[in-house]
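**Student:** Mind looking over this structure? Questions follow.
No value in this document is a laboratory result; all are computed from the given coordinates. Here the structure is a predicted model, which means the values were calculated and not measured. Quick reminder, even Gly has a Cβ in these numbers, built from the backbone with ideal geometry, and neighbours come from all protein chains shown.
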Amino acid sequence: MNYTKILEEIKEEVAPLIGKGKVANYIPALASVPNNKYGIAITTINGNCYTVGDAEEEFSIQSISKVFTFAMAFKSIGEKLWQRVGKEPSGNPFNSLVQLEKENGIPRNPFINAGALVVTDSLIHNNFNPKKSILDFIRKLSGNQQINYNTEIARSENEYGHRNYALAHFMKSYNNIYSEPDELLDVYFHQCSLSMSCVDLSKAVLFLANHGVVPNTDEIILTTSQAKRTNSLMMTCGMYDASGDFAFRVGIPGKSGVGGGIIAVIPGELGICVWSPELDEFGNSLTGVKTLELFTTKTGVSIF
């Protein structure tokens, strides 16, 4: 398949969408990102990489990081994780407090903010140095030892992250957070501040396209069953309360971040990342979603 030609066609077709979304501004350090940035990278299981646009420029991955911390926690504690977090779509905004009270401090899934905080808390509970462990894990998956945290973004998130602090304190009142909220939020804001490129991310998600195994090293990150379940959660919960629309339009597992990135996988074939900072009303990249819709349409490949 001529991926280069397909990516160039998509870039041209989505260009009119630039300017129709809004760059995230509730984290001031993200608001300064130029709105016209656009990149796509594909990495196949056999190691071929195809790019277009700003695919090698780093950006803040934000909630995309939840996939990697979830994989770490799932590998470490397995099914015990489901005692503290659910597996259902939320149907509410990613930082909503509403469901937590109704459901006794148990978040609906690992990819909304409350659920990701529980996942990160489990890493703190099981790791002596969680920030180093997360960074080492990401570097290993991507093959890029230069990846690092953006401390300016982490500081900005901490300064304006009142809703996340509220989520952590609320869940701690239900004994579903073990660490101190300040410690938890420090790790969480750092994982969200990771700076990576589309190329980095398309490589980092390959283990999910390859039944839990890193293709070039054969290292087992997750069992086949765990990889299947992770992809299932991405399919049903990865795009917040627009996950159903994404499944309908795109048809592959994906996870977005308010930095404008979206990762996705086609099991057995490839990992893909698109970056376009302007968001839609649900907090997903407006142009990114359309890009992935066009990609599965033009290639004729989805999980359905």
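**Student:** Hey, among the residues in the range 33-71 that are part of a loop (DSSP other than H, G, I, E, B) and hydrophobic (A, V, I, L, M, F, W, C), which one's surrounded by the most Cβ atoms within 10 Å (Cβ to Cβ)?
**Tutor:** 61
**Student:** Which ones in the range 246-267 are without any contact (Cβ under 8 Å) to a residue 40 or more places away in the chain and not aliphatic (A, V, I, L, M)?
**Tutor:** Within the range 246-267, 248, 254 meet the criteria.
**Student:** Also: When you look at residue 154, is it without any contact (Cβ under 8 Å) to a residue 60 or more places away in the chain, small (Gly, Ala, Ser) and in contact with a helix residue (DSSP H, G or I) (Cβ under 8 Å, 6 or more places away or on another chain), yes or no?
**Tutor:** In short, yes.
**Student:** Kindly indicate which of 219, 269, 278 is of a type outside the set (A, V, I, L, M, F, W, C) and more than 23 Å from residue 39 (Cα to Cα).
**Tutor:** 219
**Student:** Can you tell me which residue in the range 203-213 is surrounded by the most Cβ atoms within 10 Å (Cβ to Cβ), limited to those that are in contact (Cβ under 8 Å) with a residue 24 or more places away in the chain, touching a Ser or Thr at 6+ places or on another chain (Cβ under 7 Å) and over 13 Å from residue 65 (Cα atoms)?
**Tutor:** 208
**Student:** Please count how many residues of the range 72-86 are touching a residue at least 60 places away in the same chain (Cβ under 8 Å) and outside any helix (DSSP H, G or I).
**Tutor:** Looking only at that region, the number is 1.
**Student:** With respect to residue 302, is the statement that it is more than 18 Å from the chain's Cα centre (by Cα) and assigned to a loop (DSSP other than H, G, I, E, B) true?
**Tutor:** Numbers: more than 18 Å from the chain's Cα centre (by Cα): yes; assigned to a loop (DSSP other than H, G, I, E, B): yes.
Considered against the rule, which asks whether it is more than 18 Å from the chain's Cα centre (by Cα) and assigned to a loop (DSSP other than H, G, I, E, B), residue 302 comes out as yes.
**Student:** Only one residue in 167, 117 is of a type outside the set (Lys, Arg), crowded, with 19+ Cβ neighbours inside 10 Å and under 25 Å from residue 229 (Cα atoms). Which one?
**Tutor:** Only one candidate passes the filter, namely 117.
**Student:** With the structure loaded, tell me whether residue 91 is free of Cβ contacts under 8 Å to residues at least 60 places away in the same chain and farther than 17 Å from residue 231 by Cβ or whether it fails that test.
**Tutor:** Considered against the rule, which asks whether it is free of Cβ contacts under 8 Å to residues at least 60 places away in the same chain and farther than 17 Å from residue 231 by Cβ, residue 91 comes out as no.
**Student:** Next up: Can you tell me which residue within the range 1-32, out of those that are charged (D, E, K, R) and exposed (fewer than 13 other Cβ atoms within 10 Å of the Cβ), is nearest to the chain's Cα centre (by Cα)?
**Tutor:** Going through the qualifying residues, I end up with 20.
**Student:** Which of the residues belonging to the range 173-216 are among the aromatic types (Phe, Trp, Tyr) and under 19 Å from the mean Cα position of the chain (by Cα)?
**Tutor:** Our first condition is that a residue be among the aromatic types (Phe, Trp, Tyr); within the range 173-216, this holds for 174, 178, 188-189, 207.
Selection gives 188, 189, 207.
**Student:** Working only within the range 215-260, note down all residues that are of a type in the set (Val, Ile, Thr) and in contact with a strand residue (DSSP E or B) (Cβ under 6 Å, 6 or more places away or on another chain).
**Tutor:** Within the range 215-260, 220, 252 qualify.
**Student:** Out of the residues in the range 266-286 that are among the hydrophobic types (A, V, I, L, M, F, W, C) and out of contact with any Phe, Trp or Tyr (no Cβ under 9 Å at 6 or more places or on another chain), which is farthest from residue 299 (Cα to Cα)?
**Tutor:** Step one: of the range 266-286, the residues among the hydrophobic types (A, V, I, L, M, F, W, C) are 266, 270, 272-275, 279, 282, 286.
Pick out the ones that are also out of contact with any Phe, Trp or Tyr (no Cβ under 9 Å at 6 or more places or on another chain) and you get 266, 273, 279, 286.
Details: 266: 11, 273: 16, 279: 25, 286: 21 Å.
This residue is 279.
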